[in-house]
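Below is one structure; the comments refer to it alone.
No lab work stands behind these numbers, since they all come straight from the coordinates. Predicted, not measured: the structure shown is a model, and the values here were computed from it. With ideal geometry, Cβ positions are generated from the backbone for all residues, glycine too; neighbour counts draw on all protein chains shown.
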Amino acid sequence: MFGLETDIFLLLSFCLLAACAFEFINGFHDTANAVATVIYTNSLKPTQAVVWSGLINFVGVVTGGVGVGMSIVNLLPVELLIDQNVYHSIAMVLALLFSAIIWNFGTWYFGIPASSSHTLIGAILGVGLGYALLPDNKMGMAAVNWDKAKEIFSALLLSPMVGFALAVFLMFALRRLLSKSIRKQVFDEPNKDEAPPFWIRAILITTCTLVSFFHGRNDGQKGIGLVMLILIGILPTYFAINKTIDFKTLQPELATISKQIALIDTTHANIAEKEKIAKINKSIAFLNNVADSGKVEKANALDIRKALLTISSNTKKLVEDEDVVLSDTNKSILKDIATKEEKGIRRFTDHAPMWVILMISLSLGLGTMIGWKRIVVTVGEKIGKSHLTYAQGASAELVAATTIGLASWFKLPVSTTHALSSGIAGTMVASKGIKNLQAGTIKNILLAWVLTLPVAIILSASLFVFFRWLL
């Protein structure tokens, strides 16, 4: 493959297989998020629900783009991703894969709805921090993109809170708006041996479908991001930039960026702002030379990626700096062309081959069809003291789908597990108050939520240092 040495080819194959394994585990770890309500309300048989959810997850990944995945890739600075020593890159990949799989599988085994997103993000941060601990590291704590990390942390923190609050509000709204006869149907505990009325069943299957679809669009992209980390780290000359796009189409955008940057009033600019402008202009000059020559070769692919991301990151800092003297219109133009993931100049760096998307789609879809029962029991029976009613199931899933869909729109990874678990907890509280929650289960979920990031970070950092020593 690509003329690789046999040992590197074998390591690459192992890493790709491990990435598929992570996404497979992610599938059966998160299946309960979509199927618990339709199973516990007899809307679908378990086999029907899981197979349907797996198919819709597959569709979600294939149609979801790569924006969320690139958010994960961009947690690590480009210097760490393009280490010229391929074995260093393999050490990075093995560390984050092993740590993510170990924690994900362990929490599934004990039936704890932990977050695959927290696990993967913690593993990636652990690699960055492990790199910072190396004696030959020249980047210090800059081995992690802290701006992107803060952005992702905010999404992970807010999503369960939003899910809980929206579920409580939706339950109260339904109680007020529905007629007495319909209210009794949807709020009474369902009969385990009877299927719900057709219209209720249709609603619950629809909400199950929405959660499955948006789970694929969000969690599937995390798997795509993981594979691209592997490919960029081990084969950067082939995957650092998207070579399917004519590189000369970049020149008009570079000219626009250069023109807008030139409008910045530097009379009172500080040293940091001037340095950012200088880096942008230097990178633009380099990229224009490449575009003029028409030679986007393997040898300069790394430099091209670095130049594009240098323009993007420094432009973003300038347009977000209130002290930079530039009109809102000009800042908006710069944002659209230089900073948005998958758009403008970032379309050359934010990409994934179709075979990667299909591989992750298949892994997630197959994983969704297996191993669902442990966590379904937790979500369906152990969060609240009463079984899910039709109203609770539909409300929790609608809230989860909305939360995940909005996060995907803003290219942010969120936890499907916590979005749905918090939604179910909100419906339980709305029904009978805080006493309707099972303290033991809530404690385990919160404990997993609190521990996942630090455990994944420590495990990944330790494994990274070990693999760097080994390789």
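Which of the peptides 453-465, 244-256 is most tightly packed, and how do the rest follow, going by the mean number of other Cβ atoms within 10 Å of each residue?
Values: 453-465: 21.3, 244-256: 14.5.
Those peptides, ordered most packed to least, come out 453-465, 244-256.
May I ask which residue of PHE198, LEU134, TYR109 lies farthest towards the positive end of the charge dipole of segment 90-226, with charges of +1 (Lys, Arg) and -1 (Asp, Glu) on Cβ and the Cα centre as origin?
Of the options given, the answer is PHE198.
Can you compute the FRET efficiency between ASP321 and THR249 using 1/(1 + (r/R0)^6), with r the Cβ-Cβ distance and R0 = 22 Å? Round to the nearest 0.05. Working shown, then result.
Details: r = 29 Å, r/R0 = 1.33.
With R0 = 22 Å, the Cβ-Cβ based efficiency is 0.15.
Extending each Cα 7 Å along its Cβ direction at ALA202 and SER293, get the distance between those two points in nm, one decimal.
6.3 nm
Rounded if a/c is under 1.5, else prolate if a/b is larger than b/c, else oblate: which is segment 408-471, with a ≥ b ≥ c the root eigenvalues of its Cα gyration tensor? Can you show the working numbers first?
Values: a/c = 6.24, a/b = 2.11, b/c = 2.96.
In terms of gyration-tensor shape, oblate.
Which net charge results when you count Lys and Arg as +1 and Asp and Glu as -1 among the other residues whose beta-carbon is under 9 Å from that of LYS343? Working shown, then result.
Working: positive: LYS340, ARG346, ARG347; negative: ASP336, GLU341, GLU342, ASP350.
Charge balance near LYS343 sits at -1.
In degrees between 0 and 90, to the nearest 10, how far off the longest principal axis of the chain does helix 198-234 point, with axes built from Cα atoms?
The angle comes out at about 30 degrees.
If you plug each phi of segment 274-287 into the Karplus form 6.51 cos²θ - 1.76 cosθ + 1.60 with θ = phi - 60°, what whole-Hz ³J(HN,Hα) values come out, in order, with x for Gly and Pro?
5, 5, 5, 4, 5, 5, 4, 5, 5, 5, 4, 4, 4, 5
Find the relative contact order for segment 218-329 and round it to a whole percent, using C-alpha pairs within less than 8 Å whose residues are 6+ positions apart. If you can, show how the numbers build up before the last one.
Numbers: 70 pairs, mean separation 41.0, N = 112.
Answer for segment 218-329 is 37 percent.
Taking only DSSP H segments of four or more residues, each worth -39500 (n - 2.57), what value at 222 nm results for the chain once the sum is divided by all its residues, to the nearest 500 deg cm²/dmol?
On the way: 19 runs with 340 residues, N = 471.
Theoretical 222 nm ellipticity from helices: -24500 deg cm²/dmol.
Mean separation of Cα pairs under 8 Å and 6+ residues apart, divided by the residue count of segment 124-252: what relative contact order is that in percent? Mind dumping the intermediate values first?
Working: 24 pairs, mean separation 10.2, N = 129.
Once divided by the residue count of segment 124-252, the mean separation gives 8 percent.
Say the dipole of the chain comes from +1 at the beta carbon of Lys and Arg and -1 at that of Asp and Glu; which of MET92, THR207, MET228 then lies farthest toward its positive end?
THR207
In nm, to one decimal, how far is the modelled label at LYS259 from the one at PHE105, with both set 7 Å along Cα→Cβ?
For LYS259 paired with PHE105, the spin-label model returns 5.6 nm.
Strictly over 29 Å apart at the Cα level, which of LYS184/LYS411; LYS282/LYS343; LYS248/LYS316 would you flag in this model? It would help to have the intermediate numbers written out before the result.
Numbers: LYS184/LYS411 40 Å; LYS282/LYS343 21 Å; LYS248/LYS316 23 Å.
Flagged as over cut-off: LYS184/LYS411.
Give me the distance in nm between label points sitting 7 Å out from Cα along the Cα-to-Cβ direction at ASN85 and SER179, one decimal.
Taking the two extended label points, one gets 7.4 nm.
Any chance you could give the angle, 0 to 90 degrees and rounded to 10, that helix 390-409 forms with the longest Cα principal axis of the chain?
Approximately 10 degrees, to the nearest ten.
Want the number for PHE187 to VAL450: 0.36 nm per residue separation, take away the alpha-carbon distance, what's left? Each step should come with its number before you reach the end.
Working: separation 263, 0.36 × 263 = 94.68 nm, distance 3.26 nm.
Result for the pair: 91.4 nm of gain on full extension.
May I ask you to derive the relative contact order of the chain, considering only C-alpha pairs under 8 Å and at least 6 residues apart, and to give it as an integer percent?
On the way: 797 pairs, mean separation 176.4, N = 471.
Result for the chain is 37 percent.
What is the chain by shape, rounded, prolate or oblate, if you read a ≥ b ≥ c off the alpha carbon gyration tensor as root eigenvalues and call it rounded for a/c under 1.5, prolate for a/b larger than b/c, and oblate otherwise? Write down the numbers at each step before the final one.
Numbers: a/c = 2.13, a/b = 1.67, b/c = 1.28.
Prolate is the answer for the chain, as a/c is 1.5 or above and a/b outweighs b/c.
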